[in-house]
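Chemist: Sending over a structure as structure tokens; questions will come in a sec.
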Amino acid sequence: MNDKDFLVKLLRDKGACDSSMEWTRGLPDGTTLEEAWNACPWVDWLGWLLTNLHRYEGIPLETLVLVSCALVRAMYKGNPDDEVPDDAERVLSYSASWAKGEGASLTHVKDAVRALEVWMRVMTPVRRAGACAAAARSVGWLVGVAGQDDYGLSSFETIYGGAARNAYSTVRPHVDWQGWQAWNKTLCAAVRDVVPWSAVWAGVQKAGWEPKANEEDKENDER
């Protein structure tokens, strides 16, 4: 089974969306898995794969937290008029420190989230700053999963999906398709900077997703 066929089968088996399946089928023959990962055009699809790898124990929660931190920081860079509030910065810094095992505890993250929530209520920030702050808070919620504060993986999905779009649209009131594509490209780069293909493939193997020898034989027989 070549890489493209394997990817199509994997996405089909795991219930990927129709758009991602159509894009994958349209890849040139001979496209490698690494090339497909690096060429993937939508951050939602990258996040979907990482989230599912986590569900199948292919990658740890810490990886999702680091990806989420990178996405929120990319969101702030897309909001040139907004600096990262100190309370949001603490959530991101503590969350990254916890994920890297560099000293921050779950308590540090939870306390930082509480402080950020107070800031969000008291400061009543403009919509774009509020969207970024809400995404930073979701990073802390994601860390909380490790402490059995079951916010669910929807926290991660909120960051790379809805929250990212909201933060962008508030900065560009008249955003066009080309503008959103450029912003999405920035978010994709942020994900791939944290999780190179080698780490994704290691997760695929750990999750038991790679094709087995008997599956390859069956595929060849069917052809």
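Chemist: Once you've got the Cα coordinates, tell me which of K100/K206; K4/K77; K9/K206 are over 25 Å apart. Walk me through the numbers on the way to the answer.
Modeler: Working: K100/K206 20 Å; K4/K77 35 Å; K9/K206 18 Å.
Long pairs (Cα-Cα over 25 Å): K4/K77.
Chemist: Continuing with the same structure: Per residue, how large is the accessible surface of region 23-138? Use a 1.4 angstrom probe and give square angstrom. Don't jump to the answer; show the numbers that get you there.
Modeler: Values: 5490 Å² over 116 residues.
It amounts to 47 Å² per residue over region 23-138.
Chemist: Right, another one. If I stretch the segment between L106 and D5 completely, what's the gain in nm (0.36 nm per residue apart, minus their alpha carbon distance), one decimal?
Modeler: Numbers: separation 101, 0.36 × 101 = 36.36 nm, distance 4.19 nm.
Net length gain for the segment: 32.2 nm.
Chemist: Starting at the first residue of region 9-19, write each ³J(HN,Hα) from the Karplus equation 6.51 cos²θ - 1.76 cosθ + 1.60 with θ = phi - 60°, in whole Hz, x for Gly and Pro.
Modeler: Result, ordered by residue: 5, 4, 5, 5, 5, 8, x, 5, 6, 4, 5 Hz.
Chemist: Give me the percent of accessible area attributable to carbon and sulfur for region 1-91, probe 1.4 angstrom. Each step should come with its number before you reach the end.
Modeler: On the way: 1980 of 4290 Å².
The nonpolar share, carbon plus sulfur, comes to 46 percent.
Chemist: From the Cα gyration tensor of region 57-116, with a ≥ b ≥ c the square roots of its eigenvalues, which class applies: rounded if a/c is under 1.5, or else prolate if a/b is larger than b/c, or else oblate? Each step should come with its number before you reach the end.
Modeler: Values: a/c = 2.66, a/b = 1.31, b/c = 2.04.
Cα axes put region 57-116 in the oblate bin.
The values are calculated or read from the model by the stated rules, or taken from the named source; none is laboratory data. This is a predicted model, so every value here is computed, not measured. When the accessible area is computed, the model is the full protein with side chains, heavy atoms only, and any ligands, DNA or RNA have been set aside. Shrake-Rupley method; radii C 1.70, N 1.55, O 1.52, S 1.80 Å.
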